[in-house]
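See structure below.
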Amino acid sequence: MTGGGCLYVPPVQRPDVNHAPDIEVPTSLSNTLTLVSTQERIVLVAWDQDGDDLEFFWGGLPTSYAGTPVEPVREERDDGVVLWLAGYDLPWNPSLDGRTLECVVSDLEQNVTVRWTLQVEEQ
C-alpha cells in the first residue's frame, strides 16, 4: 500500500486582474509646463486595457489659484481602443510658479497620477 495524501489539482480558472489606466499624453507621469499666455489648456489622453470607464480628479493647487476641469470626452479609435480625453484650463498667474498640478486617472480600482510642475513666464 502507498502513503496517503491528497491530490492537488490547480484551479482551472484564473482570477481577473484589473490593469491600471494607461496614459498616452503626456508621455511622462512627471512633467514641466510653462505658462506663457492668459490661459493654458492642459490635455491628458488615457485609456484602459480592461475597457473600464475612466474618471479624472484634478488637484494639487490652492483653491484661489485653481483652474477649471474640462469635461472628459470618450472616443473610440478604428482599432476599437477607447480613449478618454480630459483637460484643465489654467489661468496665467505668477503665484503658480513652482507649484504642482496633479491629475489622478482612475478606473475606480486602479489609479495613475500625472503631475505638472508649473513655470510662469512674465507677460
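Observations on the structure shown:
- For the range 22-120: relative contact order, % (alpha-carbon pairs under 8 angstrom, 6 or more apart): 37 percent
- Here the chain yields Rg over Rh of 1.28, to two decimals, using C-alpha coordinates and the Kirkwood radius.
- Antiparallel bridge percentage (DSSP; both residues within the range 22-120; nearest 5): 85 percent
- Note on the range 4-70: Kirkwood radius taken over Cα pairs, Stokes-Einstein applied at 37 °C and 0.692 mPa s, translational D equal to 198 µm² s⁻¹.
None of the figures in this text is laboratory data; all of them are computed from the coordinates on show. This is a predicted model, so every value here is computed, not measured.
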